[in-house]
Amino acid sequence: MAVLNEEQTMLRDMARDWARTQSPVTAFRKVRDAGAAIGFDPGAFAAQAEMGWTGVIIPENYGGSDFGYLSLGLVLEETGRTLTASPLGTTTLAAASALILGGDEAQKQAWLPRIASGEAIAALAVDEGARHDPRAIAATAYKSGDGWTLSGTKVFVAEGDAAHLFVVAAQTGQGIGLFLVPGDAQGVSRVSRNMVDARSHAEIVFDKVVLGADALIGPENGAGLLDQVLDRARAGVAAEMLGLAVQAFEDTLDYLKTREQFGEILSRFQALQHRMANQFTQIELMRSVVEGALEAIDAGRDDIAEKVSLAKATACETLHLVSREMIQLHGGIGMTDEHHAGFYIKRARILENAWGNAAFHRERFARLAGY
Amino acid sequence: MATAEMTNPADALEDFRTEAAGWLAENFPKSLVGKENLLATVEGGGDSDPEAVAWKKAMGEKGWGTPTWPKAYGGGGLSYREARVLQEEMGKIGAWNPIGGMGVMMLGPTLLEFASEEQKKIHIPPICRGEIRWCQGYSEPGAGSDLASLKTKCEDKGDHWLVNGQKTWTSGGQWADWCFALVRTDTTRKHEGISFILLDMKTPGVEVKPIRMISGTSPFCETFFTDVKVPKENLVGEPGQGWTIGKRLLQHERTNLSGGGRMSRQHGPSLSDMAKRYVGTDDEGCIADTDLRMRIVRHEMAARAFQATARRVMLESKGGNISLASSILKNVGARITQERAELTLEIMGMNGLGWSGDGFSQEELGATRGWLWGKAVSIYGGTTEIQNNVIAKRILGMLDHQ
């Protein structure tokens, strides 16, 4: 655990307490069973907004508390532990970062206060294929009249079913630009996708959507801005993954301490002890790099990209390991729908794919380091 | 830095930076850049170079070789932040720490915690000045991973202790001035029968025989004790408290030896540069062997995660806390050290397997020997398997398998 200040400790404890008592895994099961396309619990999100978690990275003059990315990461870790179904990370971290980093005063005024209050949900619409590739963008935005006309199809857009606002990456002719597209704009249509984690990952079609000149965030060749936004989104996902890994590991450990075979508690078997010691080791390494990435963002360091790719690659590999071990070490019971082990491995694979898998981030790290 | 708390801490830290940079510029001879000999703190050496001698003396007197130890015992009395600033300033000019060895890494911190005031005053200042080389008398031929089964006998003879027995894998035993050892003062109880003593290697009855290893070197010794008389005041803590003290010392060893200490810094060229030199590059300037390239990347990322964890452990361990993450440093550090050595060999091909003589560069011969020597890292100070037992039992609370 990073060394926290008093506010961060309070926030973390509050999030932990809330997740355990108000949003346990059984709450996620209800969302899953309900099968609604929006894929989250509006009540849980409203409660989070009530507690101010929707404004953690947003500056105070736009209705946030400006506590920083590590602080929001702590919340996402705690709610990730219990698989809380909420758009918190997507709207208030990923999409809000685009406005904070690239938005002008009017754009910030128009959206940040609404995101900070939880009234508006924003989503990041970048990828157009099944594998993350921010360079492979075919969506276009042409200048027309005073503004822009945007067309293209974005796939697996997290929280796409409920979003009030999309931050869309599109080719401007000068490069890749980021555009603010209201969810109710003419020409925007959504197709829900039913995925293993029962959360929202919608296909969004933008058909000649007419936008004002003020729709463009940042420059017309904004690939650099997109990279910065994606790095924040990746760090947020990594924080959620840390929560999943820690909880999956703890639940497995608890199980080994209660299950008996051959007249022995399973945790007495050295073969299992060493597998758990190995997972513990990997999770500690994961925590160091995930917190390191969030701290680097807060400190505005110049090696954020490297640190984020290190964090996301490590998070992917570690959560992959821990979620597989969770099933194997629980045995048959872990494969039943009645048990929650399946929820963890399903959400884990979705998050591993989100904004670049381990291989993507190893290659990115290698390029950045000149290998 | 008594004034540090009085003013703005950030300003005080910058003042200290200026002070440290000034002192280093005055005392570190530029001729010593790149001449750090990591073995010197164990084996001695460097004595022939008067500038190295002067540098060691200056750092020793300033206490900055042991920057966070109390001034009262010859340490630098710096805060962790100041120590980090000092390290940064040293890094900027290529200055290295000439004070090291087991006294610094293991014994000193243990004495600070458990020794009597008099023992601290006698034994810590020479460690800070780099004057006394210490060795560790722990393992025995019949007590390796099961260290607590050690048999070296230590009898109370009224006005002295009488020690008889054999230790093995005594690192640097042939060069050491003193030895800290675990001995048995009570044969009726296993863990509670062990005591921690300090022993002058020049005492009659102490005999040292170097052991030749697969690397061709003899960094370890067998040490024999035959009727060795040890003064009463050389027992640390209480008789029977040795296991507690000895385990605490191992924590320092595990953090330092292959963990967060000096070893976590990588020396020499990066694997990537080496691979480009030996294997070549593709059209984009990347390492030509794509399979090797990705394994180097994985290794480098693991090393970075390890360094981040070592830093986290240091920050979390302020104020006497022991970070849970410290328990993983030994295993991870060992894994990374050995992986780096194996990758280096792979990069060099047959040139990385030369034993001596013509046809091989110094770098290549060093890689071969370092690779073989490095196999010790996952064995000494608690094997990887023992470390996993410790994590499973002490941290995860899984029950004893025995």
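The values are calculated or read from the model by the stated rules, or taken from the named source; none is laboratory data. What you are looking at is a predicted structure, and each value in this text was computed from that prediction instead of being measured. Quick reminder, even Gly has a Cβ in these numbers, built from the backbone with ideal geometry, and neighbours come from all protein chains shown. To get the accessible areas, we keep the full protein, side chains included, count just its heavy atoms, and leave off ligands, DNA and RNA. Shrake-Rupley method; radii C 1.70, N 1.55, O 1.52, S 1.80 Å.
Mind counting the residues in region A:194-237 that are buried (at least 21 other Cβ atoms within 10 Å of the Cβ), touching a Phe, Trp or Tyr at 6+ places or on another chain (Cβ under 9 Å) and part of a loop (DSSP other than H, G, I, E, B)?
3
Quick check on this structure: which one of A:Arg131, A:Arg32 is open to solvent by 10 Å² or more (accessible area, probe 1.4 Å), more than 27 Å from A:Pro182 (Cβ to Cβ) and in a helix (DSSP H, G or I)?
Of A:Arg131, A:Arg32, the one residue that is open to solvent by 10 Å² or more (accessible area, probe 1.4 Å), more than 27 Å from A:Pro182 (Cβ to Cβ) and in a helix (DSSP H, G or I) is A:Arg32.
Hey, can you tell me all the residues within region B:127-164 that are in a loop (DSSP other than H, G, I, E, B) and under 20 Å from the mean Cα position of the chain (by Cα)?
The answer is B:Arg129, B:Gly130, B:Glu131, B:Ile132, B:Arg133, B:Tyr138, B:Ser139, B:Gly144, B:Ser145.
Looking at A:Tyr255 and the list (1) outside any helix (DSSP H, G or I); (2) aromatic (Phe, Trp, Tyr); (3) within 14 Å of another protein chain (Cβ to nearest Cβ), which single condition is not satisfied?
With (1) outside any helix (DSSP H, G or I); (2) aromatic (Phe, Trp, Tyr); (3) within 14 Å of another protein chain (Cβ to nearest Cβ) applied to A:Tyr255, the lone miss is (1).
Being under 26 Å from B:Tyr380 (Cα atoms), out of contact with any His (no Cβ under 7 Å at 6 or more places or on another chain) and part of a helix (DSSP H, G or I) is the filter here, so list the residues in region B:57-108 that pass it.
B:Met102, B:Gly103, B:Val104, B:Leu107, B:Gly108 - these are the residues of region B:57-108 that are under 26 Å from B:Tyr380 (Cα atoms), out of contact with any His (no Cβ under 7 Å at 6 or more places or on another chain) and part of a helix (DSSP H, G or I).
Residues checked against (1) in contact (Cβ under 8 Å) with a residue 12 or more places away in the chain; (2) of a type in the set (Phe, Trp, Tyr); (3) surrounded by fewer than 20 Cβ atoms within 10 Å (Cβ to Cβ):
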site: B:Ile122; (1), (2), (3): no, no, yes
site: B:Pro125; (1), (2), (3): yes, no, yes
site: B:Leu162; (1), (2), (3): yes, no, yes
site: B:Ala181; (1), (2), (3): yes, no, no
site: B:Asp186; (1), (2), (3): yes, no, yes
site: B:His191; (1), (2), (3): yes, no, yes
site: B:Met213; (1), (2), (3): yes, no, yes
site: B:Gly216; (1), (2), (3): yes, no, yes
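With respect to B:Ser327, determine if the residue is within 9 Å of chain A (Cβ to nearest Cβ) and among the hydroxyl-bearing types (Ser, Thr, Tyr).
In short, yes.
So is A:Glu325 within 14 Å of chain B (Cβ to nearest Cβ), open to solvent by 40 Å² or more (accessible area, probe 1.4 Å) and not hydroxyl-bearing (Ser, Thr, Tyr) or not?
When the stated conditions are applied, A:Glu325 does not pass them.
Can we say A:Phe343 is in contact (Cβ under 8 Å) with a residue 40 or more places away in the chain, farther than 21 Å from A:Thr82 by Cα and in a helix (DSSP H, G or I)?
In short, no.
Testing B:Thr383 on (1) of a type in the set (Ser, Thr, Tyr); (2) crowded, with 20+ Cβ neighbours inside 10 Å; (3) modelled with pLDDT under 95, one condition comes back false. Which one is that?
Unmet condition: (2).
Only one of B:Arg298, B:Arg277 is more than 10 Å from chain A (Cβ to nearest Cβ), among the basic types (Lys, Arg) and either farther than 24 Å from A:Asn278 by Cα or open to solvent by 50 Å² or more (accessible area, probe 1.4 Å) (or both). Can you tell me which?
None of the other options fit; the residue is B:Arg277.
So which residues in region B:218-240 are open to solvent by 50 Å² or more (accessible area, probe 1.4 Å) and in contact with a Phe, Trp or Tyr (Cβ under 7 Å, 6 or more places away or on another chain), if there are any at all?
Result: B:Lys232, single match.
What number of residues within region A:262-288 satisfy the criterion of being facing chain B (nearest Cβ under 8 Å) and either crowded, with 22+ Cβ neighbours inside 10 Å or part of a helix (DSSP H, G or I) (or both)?
Matching residues across region A:262-288 total 16.
Where the second residue is open to solvent by less than 10 Å² (accessible area, probe 1.4 Å) and the first is at positive phi and lies in region A:169-183, which pairs have Cβ atoms under 9 Å and are six or more apart or on separate chains?
Close Cβ pairs satisfying both conditions: A:Gly173/A:Ala141; A:Gly175/A:Gly222.
Among the residues in region A:324-335, are any of a type in the set (Asp, Glu), more than 25 Å from A:Arg32 (Cα to Cα) and either touching a Pro at 6+ places or on another chain (Cβ under 7 Å) or at pLDDT 95 or above (or both)?
There is no residue in region A:324-335 that is of a type in the set (Asp, Glu), more than 25 Å from A:Arg32 (Cα to Cα) and either touching a Pro at 6+ places or on another chain (Cβ under 7 Å) or at pLDDT 95 or above (or both).
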